[in-house]
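In what follows, a structure is listed as C-alpha cells, so that the remarks can point back to it.
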Amino acid sequence: MQKVDCDINIAIDKSLTSAPWFIPYAPTTVFDIGTQQQEYTLRFKVTQPTDVTKVVFEFGPINNVAPPLPLDIYLDDVTLTVVSDQ
C-alpha cells in the first residue's frame with residue numbers, strides 16, 4: 001500500500017437529530033497527517049453550556065481533496081484532559 005500524507009478534520013460539537021445536524025463548540029481544526037507516527041495537540045474551549053460534547057475525527061475528502069483509497073489510518077493513545085481556566 002502506498003504511503004501518502006492526507007488531512008483529517010477534528011470537530012468539537014453536539015449532535016442534533018435534524019438540520020443543521022450539529023452545534024459547533026469550537027472551530028474545526030484540520031491536521032495534515034503524514035506517513036510517520038507523530039503527536040498532535042489540539043486545545044479547545046467549549047464556549048456554550050452543554051450536557052454533551054463530542055470529538056469527531058473526520059476522514060475522507062477534506063477541503064475538496066480526497067485521499068487515495070484504500071487508506072489505513074491509525075489513532076493511538078488519544079487523550080482528553082480537562083484544563084480549568086479558573
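Some points to look at:
- Amide H partners (placed H, <5 Å) of residue 26, local residues excluded: 12
- Option label - Cα extents along the principal axes in Å computed here, alternatives (i) 68, 43, 27; (ii) 29, 28, 19; (iii) 45, 32, 17: (iii)
- Region 39-74 and region 4-29: distance between their alpha carbon centers, rounded to Å: 7 Å
No lab work stands behind these numbers, since they all come straight from the coordinates. Quick caveat, the model's predicted, so the values are computed rather than measured.
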